[in-house]
Amino acid sequence: MSENKIIENFYKILESKGYKGKIVSAKCIPDLQKSIKILHEQKLLDSNFYDEYKDYFEFQPETKFGEIKSLFILTVPQPQYKVIFHWNKKEVPLIIPPTYLHSRAVIDNVEAFLTEILKPAGYSVEFALVPQKTLAVRVGLAEYGRNNITYVPGMGSFHRPSTFYSDFPYDQENWQELRMMDLCKECSVCVRKCPTGAIPKDRFLLRVERCLTFHNEHPADMPFPDWIDPSWHNCLVGCMYCQKVCPANKKVINWIEPGPVFSEEETKLLVNGTIVENLPEETRIKVEEHDLTNYLYVYPRNLGVILDREQ
Ligand code: B12
């Protein structure tokens, strides 16, 4: 199959699956590698934050297949999930925001789709650990919201971008300016509703060290800083304040899929930090089926603070 036919096929199947994506030349890599490092050098990013995520920001493009000629960035719609805990004879429903669950399945699906298109013509793909938002906006797949999350038409911020390196030859750079949605120019509802003040008024770049998510994704043995008011917690992990009030999310905001229901006994085990292998079989299966294993490590603190409010 000719290269043009492959590209045509890529966009056709992409659309039929409800995904969106772009192909970009590997010539963009040096620019992408610089994008976050520059902000660090200008001392605009919290240094603890930068060190924690250095592997993403200073990524090294290496593959088993050899020379990288292009990058495929695809994004897939993602829902919120509602998990119900039982505590003190009450139901405590908690949201898990989009993109936390089933990430492996999404990435595997995207990889299978790309492999199906490219392998018969002799091309390879390999997952790329890159700053996804920057790339998505640079190639015109998404635009930034004022909240620093990216938005795709029809999906709002409820999408998971993933990128793959390939040896498929592609020369177009289609590298664009970083863009904020037009809607945000007249809107600052996320700035006002963020309880921690993480979305600044005086600059675009998020104050990550103020973002609730930055703290609640840390391992549970790192207590929340004192300035975080317990009433601010609104999700099992992550936070929905800025996405929930965003007018660009109007169409997706009520997309909530049911998650598991945990009995009082099970809730106790989870808040006590029981590792997945030590859970009773029925609970373990529930946790694994709903892909909750990756974030169990935050439950003792995150769920603990919320359940304390329910006393
Ligand atoms: C580090 C990280 C975090 C950190 C830091 C957040 C942040 N702002 O980057 C923490 C832990 C706080 C976090 C939180 C969340 N994250 Co996060 N995170 C990442 C990660 C690993 C890297 C992102 C990154 O590169 N950050 C560095 C900053 C500097 O980059 P940036 O935000 O793109 O900044 C650019 C712009 O500011 C631009 N810029 C500078 N000046 C200006 C001026 C203007 C006008 C414009 C337009 C642009 C601009 O330059 C910067 C560099 O290009 C990615 C995964 C990945 N591999 O990319 C997920 C990722 C970005 N996160 C994701 C999600 C979903 C979230 C949360 C929504 C989770 C939640 N709460 O539910 C929150 C959102 C917080 C927020 N408001 O930004 C998704 C985003 C999907 C999407 N729709 O965009 C990703 C892609 C992971 C995934 N699961 O798919 N996250």
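For the reader, a short list of remarks on this structure follows.
- Meets criteria (more than 24 Å from Glu217 (Cβ to Cβ) and either touching a Gly at 6+ places or on another chain (Cβ under 7 Å) or free of Cβ contacts under 8 Å to residues at least 60 places away in the same chain (or both)) for Glu58: no
- Qualifying residue in segment 19-37 (condition: β-branched (Val, Ile, Thr), within 16 Å of the ligand (Cβ to nearest atom), under 29 Å from Phe113 (Cα atoms) and in contact with a Pro (Cβ under 9 Å, 6 or more places away or on another chain)): yes
- Taking the listed residues Val92, Val76, the one that is in contact with a Lys or Arg (Cβ under 8 Å, 6 or more places away or on another chain) and part of a strand (DSSP E or B) is Val76, with no other qualifying.
- Pick from segment 124-152, criterion in contact (Cβ under 8 Å) with a residue 60 or more places away in the chain, of a type outside the set (A, V, I, L, M) and in a loop (DSSP other than H, G, I, E, B), ranking: farthest from Gly238 (Cα to Cα): Ser124
- Tyr100 falls short on exactly one of the conditions (1) in contact with a helix residue (DSSP H, G or I) (Cβ under 7 Å, 6 or more places away or on another chain); (2) assigned to a loop (DSSP other than H, G, I, E, B); (3) surrounded by fewer than 18 Cβ atoms within 10 Å (Cβ to Cβ), and that condition is (3).
Yes/no per residue for (1) more than 12 Å from the ligand (Cβ to nearest atom); (2) farther than 20 Å from Val92 by Cβ; (3) touching a Gly at 6+ places or on another chain (Cβ under 7 Å); (4) not in a loop (DSSP other than H, G, I, E, B):
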position	(1), (2), (3), (4)
Arg192	yes, yes, no, yes
Pro200	no, yes, no, no
Glu209	no, yes, no, yes
His215	no, yes, no, yes
Met222	yes, yes, no, no
Asp226	yes, yes, no, no
Ala248	no, yes, yes, yes
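- Selected residue (criterion: nearest to Gly145 (Cα to Cα)) from residues of segment 181-190 that are within 11 Å of the ligand (Cβ to nearest atom) and assigned to a helix (DSSP H, G or I): Cys184
- Filter result for the condition that a residue is among the basic types (Lys, Arg), under 20 Å from Cys28 (Cα atoms) and in contact with a strand residue (DSSP E or B) (Cβ under 7 Å, 6 or more places away or on another chain), over Arg179, Arg160: Arg179
Residues are listed down the side, and each one gets a yes or a no for (1) more than 9 Å from the ligand (Cβ to nearest atom); (2) hydrophobic (A, V, I, L, M, F, W, C):
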{"residue": "Ile107", "(1), (2)": "yes, yes"}
{"residue": "Ala112", "(1), (2)": "yes, yes"}
{"residue": "Thr115", "(1), (2)": "yes, no"}
{"residue": "Ala121", "(1), (2)": "yes, yes"}
{"residue": "Ser124", "(1), (2)": "yes, no"}
{"residue": "Phe127", "(1), (2)": "yes, yes"}
{"residue": "Lys133", "(1), (2)": "no, no"}
{"residue": "Arg138", "(1), (2)": "no, no"}
{"residue": "Glu143", "(1), (2)": "no, no"}
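A short reminder: the numbers here are calculations on the coordinates, not readings from a lab. Treat the numbers as computed from the prediction; the structure is a model and nothing was measured. When we count neighbours, we look across all protein chains shown, and the Cβ atoms used for this are built from the backbone with ideal geometry, even at glycine.
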